[in-house]
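Down below is the structure, laid out as structure tokens.
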Amino acid sequence: MPDNTQVECREESHSLATPNPRDRHRLRLLLMAALLHGLTYLVLLPPWMGEDEPWHVEYSHHVAAGHMPWGGVEVSRDDLPDYSPSQAFVLRELGGLDAETIASTQQSIVDSMAEHRFWERVDWASWGGGVENFDQVAPYFTATHQPPLYYMVLSPVLAIFGGGDVLQEMWVGRGISLLAYLAVVLAAYEVGRRVCNDPQIALVGALLVAWWPMHARQAAVVNNDVLVKVASAWALVISLDLVRLGLTWKRAALAFGLVAIGLAFKTTGAGVLAPLGLAILWRTTRGGLLQNQRVRLAGLITIVLLVVTVVFVYRFSHNPAIPDTLENLQTRVDAVLSPKFRRTFVRSAVGAFNWYSRRLPDWQYAAVGYALLLSTLGLVVAFVRRSSGLNRRMILLCLAGCACQLLLVILRGTAAGRYVMPMLPAFATLIAAGFLVPLPPQWRTRATALLVIALVALDGYFAWAGLTWNQYGVWSS
């Protein structure tokens, strides 16, 4: 008796055709345009104007100098008169450092911030005269609680090209962010190819990822978010292939390897565990060849081990991403349910600048909200219609990733739009499908043109009236 699941997989594998020369040409043009777009943001964004950038550069600078993220010295509250809290955090997490080196590095960064008019550009920042450490910028804040992999990946590049100068290291780190941005755009294209048999959906999804203002701006920010997006986006691609082509040790190992790397960058990499787990469970419930059962069982056990390991390691490293008590969890949930949280989250996901101290006009947030609602309705219609060309299982995997990513925001209790961007390819593909798939094929080109015009207009306003004016035009900064 034939294995129906395997037959179905073979049929689906043929539905993912190799892109024809015209589609490949369009993709190359899109990637070239995205490169120029990312470079534009890299040039426009002044030094230190990426959120939390000073702390990430500080951490990377010390690791590039050979101070590994282990072997630090525990500092008690009684020692704090001798150190500022931000200096104590570094001393606690990084080995081989002394207070003088930490203070000197922080002073170099805040001096560079003052030189590039940070204090005039950020509304909530106090006057920068006489600032000596990071606590006078944002008290009790540090990047040293973050997983160390991003800084260990960045540090060899900084050691070669940074020259030990914090400003130069910042620019080198931004170059890595630009490459990560392009890798996510390409992953979004691959996700779209697997979700729908219309190549236009893949191109529009990749375009949404490339031109979404807050994602494009991350191409010019030193932050561990940029690499976790790469790992999560490509882990999503492999998860889709697990359902499309079937479970093998090679695919499972590649998927879990990417997930583990993403989690070693940041907790926001956990969102892709949902589509990966669903892919494995889907294959289990649909049956299949007996030898694949070991791969499925190993995959499910690996997911559990990854979650347990992440919780343990993050708790050990003082990472605040995971609530440590039920009371803390309740506090975070209450914060998420507040109107202030929703406003801040929408602002930071759609468009905000100057360390989130300035925003777009309210009507633009409302317009984006109505557009997303329209896309959601279209996705429902397309999902129900069997003739739509959508692969329903791929849609469900993308939806699972989006839902899990939003759940992580609730657990973190912090209203930051960048926390959902590891699943940005899934969000963008669903949006593109919702707008275009319900339409007759002959209407999709016109609808695509309108969508592109709207997206470019939003991004153009963000880049000029928002980013450029607020960075350079206000207060002669």
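The values are calculated or read from the model by the stated rules, or taken from the named source; none is laboratory data. Remember, it's a predicted structure, so these values are computed and weren't measured experimentally. For neighbour counting, all protein chains shown are included, and Cβ atoms are generated from backbone atoms with ideal geometry for every residue, glycine included. These accessible areas exclude ligands, DNA and RNA; they are computed on the full protein's heavy atoms, side chains included. Shrake-Rupley method; radii C 1.70, N 1.55, O 1.52, S 1.80 Å.
Remarks
- Rounded to the nearest 20 debye, the dipole magnitude of the chain is 2720 debye, with +1 charges on Lys and Arg beta carbons, -1 on Asp and Glu beta carbons, and the Cα centre as origin.
- Sorting Trp211, Trp55 by accessible area puts them as Trp211, Trp55; the probe is 1.4 Å, largest comes first, and only protein heavy atoms count.
- Per-residue SASA entry for Leu149, accessible area with 1.4 Å probe, Å² rounded to 10: 50
- Relative contact order for the chain, counting Cα pairs under 8 Å that sit 6 or more residues apart, in percent: 20
- Heavy-atom accessible surface of the range 129-225, averaged per residue, reaches 29 Å², computed with a 1.4 Å probe.
- Using the Karplus relation 6.51 cos²θ - 1.76 cosθ + 1.60 with θ = phi - 60°, the per-residue 3J(HN,Hα) values for the range 389-401 come to x, 7, 8, 4, 5, 5, 4, 5, 5, 5, 4, 4, x Hz, with x marking Gly and Pro.
- Listed by chain and number, the aspartates and glutamates whose C-alpha is less than 15 Å from the C-alpha of Lys229, apart from same-chain residues fewer than 8 away, are Glu190.
- Residues whose placed amide H lies under 5 Å from that of Ala352, excluding near-sequence neighbours: none
- Couplings 3J(HN,Hα) of the range 195-212, computed from phi: 7, 9, 7, 8, x, 5, 5, 5, 5, 5, x, 5, 5, 4, 5, 5, 9, 5 Hz, in residue order, whole Hz [Karplus 6.51 cos²θ - 1.76 cosθ + 1.60, θ = phi - 60°; x for Gly and Pro].
- Stretch gain in nm, segment His116-Leu297, where the contour uses 0.36 nm per residue and the Cα spacing is subtracted: 59.7 nm
- The distance separating the Cα centre of the range 410-456 from that of the range 334-372 comes to 17 Å.
- For the set Leu406, Leu377, Leu326, solvent exposure ranked by accessible area (probe 1.4 Å, protein chains only) runs largest to smallest as Leu326, Leu377, Leu406.
- Once the C-beta distance of Val384 and Asp165 is scaled by a Förster radius of 45 Å, the resulting FRET efficiency is 0.20 to the nearest 0.05.
- Its alpha carbons considered, the range 336-477 gives a radius of gyration followed by a Dmax of 17.1, 58 Å.
- Computed from backbone phi, the HN-Hα couplings of the range 270-282 come to 6, x, 6, 4, 5, x, 5, x, 5, 4, 5, 5, 4 Hz, rounded to whole numbers (Karplus: 6.51 cos²θ - 1.76 cosθ + 1.60, θ = phi - 60°; Gly and Pro given as x).
- Rg over Rh [alpha-carbon atoms, Kirkwood Rh] for the chain: 0.98
- Computed over protein heavy atoms with a 1.4 angstrom probe, the accessible surface ordering of Arg24, Arg121, largest first, is Arg24, Arg121.
- Virtual spin-label span in nm between Leu245 and Val307, 7 Å along Cα→Cβ: 2.8
- For the chain, the mean residue ellipticity at 222 nm estimated from helices alone is -22000 deg cm²/dmol, where every DSSP H run of n ≥ 4 contributes -39500 (n - 2.57) and the total is divided by all residues, rounded to the nearest 500.
- Segment Ala454-Leu411, length gained on full extension (0.36 nm per residue, minus Cα span): 12.2 nm
- Exposure rule at most 16 other beta-carbon atoms within 10 Å, DSSP loop GluC sites (Glu not before Pro): the chain longest free segment: 133-477
- The chain - percent of accessible surface contributed by carbon and sulfur, probe 1.4 Å: 66
- Gained length - Ala253 relative to Thr468, 0.36 nm times residue gap less alpha-carbon distance: 73.0 nm
- Between Leu374 and Leu179, the modelled labels are 4.0 nm apart [label points 7 Å from Cα along Cα→Cβ].
- Spherically averaged projected area of the range 25-106 from its Cα convex hull (nm²): 7.7
- Distance from the range 157-197 to the range 238-273 (C-alpha centre basis), Å: 20
- Solvent-accessible surface (1.4 angstrom probe) belonging to His61, in square angstrom, nearest 10: 30
- The alpha-carbon atoms of the range 103-149 define a convex hull whose volume equals 101 cubic angstrom per residue.
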